[in-house]
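Working notes, beginning with the structure itself.
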Amino acid sequence: MKNQKIKGALTAVLTAFNEDLTINFEKTISNAKKQLDAGLDGVVFFGTTGEGNSINVEEKKLFVEKLMEFKFPLNKTMIGTGSCSIMDAINLTKFCVEKGINDCLMLPPFYYKNPKDDGLFQFFSEVIQRVGSKDLRIQIYHFPAISQIPITHNLIGKLLKDYPENFCGIKDSGGDLNNMLSMCKNFENFDVYAGSEAYFLDVLEAGGAGTITATGNLTYLKCIEVMSAFKLNDQNKKSLQDELTIQRNNLQKACSSYGFVSGLKEILSDNIQDNSWRITRPPFKILNEKQKKEILNKN
């Protein structure tokens, strides 16, 4: 089972919406499929950039059904199933596994601040036990700037000890490369994904799994090049990573004033000339023309 996990370059894909704010299934899935067809290793639906916390469980279940209808490669698919409600987390995670999506990216219950490791352990333990499947693979989502809940090495160690088959990895969006490298070194059979492609090659060379990145919606072609160069031990891998890091940093600067969700959607919609990609769910909003020009000029 360990060998079946998704490793390499993964994009935390954007979610397309219709004018009435319902999910545009076809556009969301087609955009993700285009990235996989180009050579990307996997995609994550309903992460932070996919506005996952603005989408309810029933919508996510319907989306999974649409993935199956569109014959989307489920073995390259990860779904964000974390929730403040443990019952919602269990419900959606179990549904995904039953439908053939075994990789689930899970935020901790982020509304409740400063929980102890024992409480967080119980949360993930209950999910694993109640889903009750040897096929489930949980990647925990470490994003303390947003969730305000850091994922400690102590918690990782406890979960790996009790659930080595189901607790499989972490997306580290904390921005601390040393923390990522330390996890790569200290935990066996545990996949570390950098939350930014700026750390992609460093994490790969430390034995990590790769990257799961929001800006991959726009940098995925360069991510694919870096992954290929790493596999081949190409002498150009460092220069390719430098180019990728510049792309990431430029996008981060461009979107800093208005956030990744609105910013990336503006850039994507401009790149493919499809204004419907600008639509976000509140509290995000469609940017005005002045804001749009500001982002596009910085990109």
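Entry for the chain at q = 0.09, 0.11, 0.13, 0.14 Å⁻¹: log10 I(q)/I(0) = -0.40, -0.62, -0.88, -1.04, Debye formula applied to identical alpha-carbon scatterers, no solvent contribution. The heavy atoms of Leu240 offer some 30 square angstrom of accessible surface to a 1.4 angstrom probe.
Average accessible surface for the chain: 44 Å² per residue, computed with a 1.4 Å probe over protein heavy atoms with every protein chain in place. DSSP assigns beta bridges within the chain; of those with both partners inside it, close to 5 percent run antiparallel.
Heavy-atom accessible surface of Val13, to the nearest 10 Å², is about 0 Å², with a 1.4 Å probe and all protein chains retained. Restricting the calculation to alpha carbons of the stretch 95-163 gives Rg and Dmax of 12.2, 34 angstrom. Checking the cross-link pairs Lys61/Lys253; Lys7/Lys61; Lys134/Lys158 against a 28 Å limit on the alpha carbon distance flags Lys61/Lys253 as lying beyond it. Taken over the C-alpha atoms, the stretch 102-251 has Rg and Dmax values of 16.0, 48 angstrom. Per the 1.4 Å probe, what fraction of the accessible area of the chain, in percent, lies on carbon and sulfur atoms? That fraction is 48 percent.
Residues Glu98, Glu165, ordered by accessible area of protein heavy atoms at a 1.4 angstrom probe radius and largest first, appear as Glu98, Glu165. Rounded to the nearest 10 square angstrom, Ile146 shows an accessible area of 110 square angstrom against a 1.4 Å probe.
In the elastic network of the chain, a GNM with C-alpha springs shorter than 10 Å, the most mobile of Lys33, Lys158, Lys265 is Lys158.
Where Lys and Arg each count +1 and Asp and Glu each count -1, what net charge lies around Gly195 among other residues with Cβ under 14 Å from its Cβ?
On the way: positive: Lys171, Arg248; negative: Asp172, Asp176, Asp191, Glu197, Asp202.
That sum, taken over residues with Cβ under 14 Å, equals -3.
Ordered by 1.4 Å accessible area with all protein chains kept, Thr245, Thr49 run largest first as Thr245, Thr49. Above 12 Å, the calculated P(r) of the stretch 83-123 contains 62 percent of its Cα-Cα pairs. Compared with the direct C-alpha span, the chain from Asn233 to Asp37 gains 68.3 nm at full extension, assuming 0.36 nm per residue. Note on Ser30 and Met68: the extension gain reaches 12.4 nm, defined as 0.36 nm multiplied by sequence separation minus the Cα-Cα distance. Other residues within the sphere of radius under 14 Å centred on the Cβ of Ala12, judged by their own Cβ, net out at -1 (K and R +1, D and E -1). Going through the cross-link list Lys76/Lys298; Lys5/Lys33; Lys113/Lys171; Lys5/Lys113, which pairs have a Cα-Cα distance over 22 Å in this structure? Distance filter (> 22 Å) returns Lys76/Lys298; Lys5/Lys113. Evaluated at q = 0.20, 0.23, 0.24 Å⁻¹, the base-10 log of the normalised Debye intensity for the stretch 173-250, with identical point scatterers placed on the Cα atoms, takes the values -0.80, -1.04, -1.11.
The values are calculated or read from the model by the stated rules, or taken from the named source; none is laboratory data. Keep in mind it's a predicted model, so treat the numbers as computed, not measured. Here Cβ is always computed from backbone atoms with ideal geometry, including for glycine, and neighbour counts include all displayed protein chains. When the accessible area is computed, the model is the full protein with side chains, heavy atoms only, and any ligands, DNA or RNA have been set aside. Shrake-Rupley method; radii C 1.70, N 1.55, O 1.52, S 1.80 Å.
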